[in-house]
Number of protein chains: 2
Amino acid sequence: MRISELSARSGVSVATIKYYLRERVLPEGERVSPTQATYGEAHVRRLGVIRALVDAGVGIAGVRNVVAVLENPPESPYALLGEASAAVNPPEADDDLDLGPALALLDRLGGDTDDCYPGQLAALARALAALDRAGFAVPAPVLASYVEHLRAIAQAELDATPTESAEAAVRYVVLGTVLVEPVILALRRIAEQIAASRRFGRD
Amino acid sequence: MRISELSARSGVSVATIKYYLRERVLPEGERVSPTQATYGEAHVRRLGVIRALVDAGVGIAGVRNVVAVLENPPESPYALLGEASAAVNPPEADDDLDLGPALALLDRLGGDTDDCYPGQLAALARALAALDRAGFAVPAPVLASYVEHLRAIAQAELDATPTESAEAAVRYVVLGTVLVEPVILALRRIAEQIAASRRFGRD
């Protein structure tokens, strides 16, 4: 199909499609003349993924990283998960970071440092340090609840990983990492609101 | 204390403190001369909160909203939760949004639309629409796991809300809404990585 039809099919403007082509997050179409190229279903699907990532607040550099993982998926599911996670939140160097509290939680999750992908433990440590700087301590029963229930969620997610093809597994892991996070946060806020409504009333 | 001591105590530069004063997220100090003001412990605490929000990626407009909630807390815990949530992610108008899938999840969480604060249901609907546009369907058992376990987490969080003072409750709710989200996301990613490691090995 021509770029105009690709635009109509995907709901993405021609100007934006050309931007994604320049940024190399969308592969070139097949050249049919020096000034024209033709695009296929893979381009429609890829545009859907790109738009979803952009809508979820991922910047163009993050999109490029995710696309790279989609195009060159690592062979092991373990590496795939880690690379999907790193693609969206690239590890930052931070020598002063105190990993102690994060390591304690890792232990409670039933893992050790070999289970973590570079950057994941640092991301947790940074999040805990930000709480600490704000003078906010998560109450012990709440932290215990996070550990218990996020373990259960992770297990359910892993159990549902498609195994019929590498591409399906990659899509599931990458999109499940990035796009599901806003769903989880929105569900938590609504669940809190419902619990508050039941406990205190709505007025 | 003088602004230089406030800077040393809080770890925030004098220039940045002056910026926060101009942006009115930090209250003016007490004037002791036409060119000098004095600051107290409340300023140190407030700077801790501001820095934590900024580190968590909240923009200056969001910080101003959160500060407004902290300074004028609503009387009911129900309104407090909703306003804290709205302060950080202001509701966006979106007439085309299909609320159907979000309403179905709200029902499964045990709530109805009266339980939701403006914007919360729309945030969930937008997150679900982004998944849909990417051609990604959350498998039914995984969705069931989110509903069950996020309900449990919300209940644990609500049970731990401090009741000794309104200020303590406000801090808990506002910071628990914003600053705990990165902790939850980091824990989920690590828990997934541990589950993948146990299932598939690390190579």
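Quick notes on this one:
- Qualifying residue in the range B:59-69 (condition: assigned to a helix (DSSP H, G or I), more than 20 Å from A:Leu185 (Cβ to Cβ) and β-branched (Val, Ile, Thr)): yes
- Failed item in (1) more than 7 Å from every other protein chain (Cβ to nearest Cβ); (2) in contact with a helix residue (DSSP H, G or I) (Cβ under 9 Å, 6 or more places away or on another chain), with A:Ala104 passing the rest: (2)
- Subset of the range A:28-62 [without any contact (Cβ under 8 Å) to a residue 40 or more places away in the chain and among the β-branched types (Val, Ile, Thr)]: A:Val32, A:Thr35, A:Thr38, A:Val44, A:Ile50, A:Val54, A:Ile60
- Selection count where residues are facing chain B (nearest Cβ under 7 Å), more than 15 Å from B:Leu143 (Cα to Cα) and part of a helix (DSSP H, G or I), scope the range A:191-203: 8
- If the condition is being more than 7 Å from chain B (Cβ to nearest Cβ), assigned to a helix (DSSP H, G or I) and crowded, with 20+ Cβ neighbours inside 10 Å, then the range A:147-170 contributes only A:Val170.
- Number of the condition not met by B:Ser13 [criteria: (1) hydroxyl-bearing (Ser, Thr, Tyr); (2) within 30 Å of A:Ala125 (Cα to Cα); (3) surrounded by 17 or more Cβ atoms within 10 Å (Cβ to Cβ); (4) more than 14 Å from chain A (Cβ to nearest Cβ)]: (3)
- In the set A:Ala79, A:Ala129, only one residue is touching a Leu at 6+ places or on another chain (Cβ under 8 Å), among the small types (Gly, Ala, Ser) and surrounded by 15 or more Cβ atoms within 10 Å (Cβ to Cβ); that residue is A:Ala129.
- Qualifying residue in the range B:130-146 (condition: more than 8 Å from chain A (Cβ to nearest Cβ), within 19 Å of the chain's Cα centre (by Cα) and either assigned to a helix (DSSP H, G or I) or within 24 Å of A:Ala84 (Cβ to Cβ) (or both)): no
- The range B:101-129: number of residues that are in a helix (DSSP H, G or I) and free of Cβ contacts under 8 Å to residues at least 12 places away in the same chain: 6
- Selected residue (criterion: surrounded by the most Cβ atoms within 10 Å (Cβ to Cβ)) from residues of the range A:174-203 that are more than 21 Å from the chain's Cα centre (by Cα) and of a type in the set (D, E, K, R): A:Glu192
- The residues of the range A:121-143 that are in contact with a helix residue (DSSP H, G or I) (Cβ under 8 Å, 6 or more places away or on another chain) and under 19 Å from A:Glu192 (Cα atoms), listed by number, are A:Phe136, A:Ala137, A:Val138, A:Pro141, A:Val142, A:Leu143.
- Per the conditions (1) facing another protein chain (nearest Cβ under 7 Å); (2) farther than 20 Å from B:Glu148 by Cα, the sole criterion not satisfied by A:Leu185 is (2).
- Number of the condition not met by B:Ala84 [criteria: (1) surrounded by fewer than 21 Cβ atoms within 10 Å (Cβ to Cβ); (2) over 24 Å from A:Ile153 (Cα atoms); (3) more than 8 Å from chain A (Cβ to nearest Cβ)]: (1)
None of the figures in this text is laboratory data; all of them are computed from the coordinates on show. Please read these numbers as outputs of a predicted model, since none were measured by experiment. As a convention, Cβ positions derive from the backbone with ideal geometry for all residues, glycine included, and neighbour counts pool all protein chains shown.
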